[in-house]
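J.: Okay, handing you the structure first.
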Amino acid sequence: MDILIDKHVCIGAGQCALTAPDVFTQDDDGFSELLPGREDGAGSPLVREAARACPVGAIKVAP
């Protein structure tokens, strides 16, 4: 799967990192980023839920 984080939209709410901590983290400024080696979602069933949890829709997931 392809995961896209729009850094211009992200507000650093952290819902993605709370929902799927095995795939998402937050950078030094608090904005969402993918963990190294997890760019494809690593098969986590929570990636789509993390995208839905984003309050500003900064995360897009494509199959």
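J.: If I ask for residues that are over 9 Å from the mean Cα position of the chain (by Cα), closer than 19 Å to Ile11 by Cβ and surrounded by 14 or more Cβ atoms within 10 Å (Cβ to Cβ), which ones from segment 27-48 would you list?
T.: Result: Phe31, single match.
J.: If you don't mind, another one. Condition check: at pLDDT 95 or above and at positive phi. Does Gly43 satisfy that?
T.: no
J.: Consider Ile3 against the criteria (1) of a type in the set (A, V, I, L, M, F, W, C); (2) open to solvent by less than 40 Å² (accessible area, probe 1.4 Å); (3) out of contact with any strand residue (DSSP E or B) (no Cβ under 8 Å at 6 or more places or on another chain): it satisfies all of them except one. Which criterion is unmet?
T.: Only one criterion is unmet by Ile3, namely (3).
J.: Here are some conditions: (1) open to solvent by 40 Å² or more (accessible area, probe 1.4 Å); (2) within 18 Å of Met1 (Cα to Cα); (3) not polar (S, T, N, Q). Pro55 meets all but one. Which one does it not meet?
T.: Here Pro55 clears every test but (2).
The values are calculated or read from the model by the stated rules, or taken from the named source; none is laboratory data. Since this is a predicted model, take the numbers as computed values, not measurements. Every residue, glycine among them, receives a Cβ derived from its backbone with ideal geometry; neighbour counts consider all protein chains shown. To get the accessible areas, we keep the full protein, side chains included, count just its heavy atoms, and leave off ligands, DNA and RNA. Shrake-Rupley method; radii C 1.70, N 1.55, O 1.52, S 1.80 Å.
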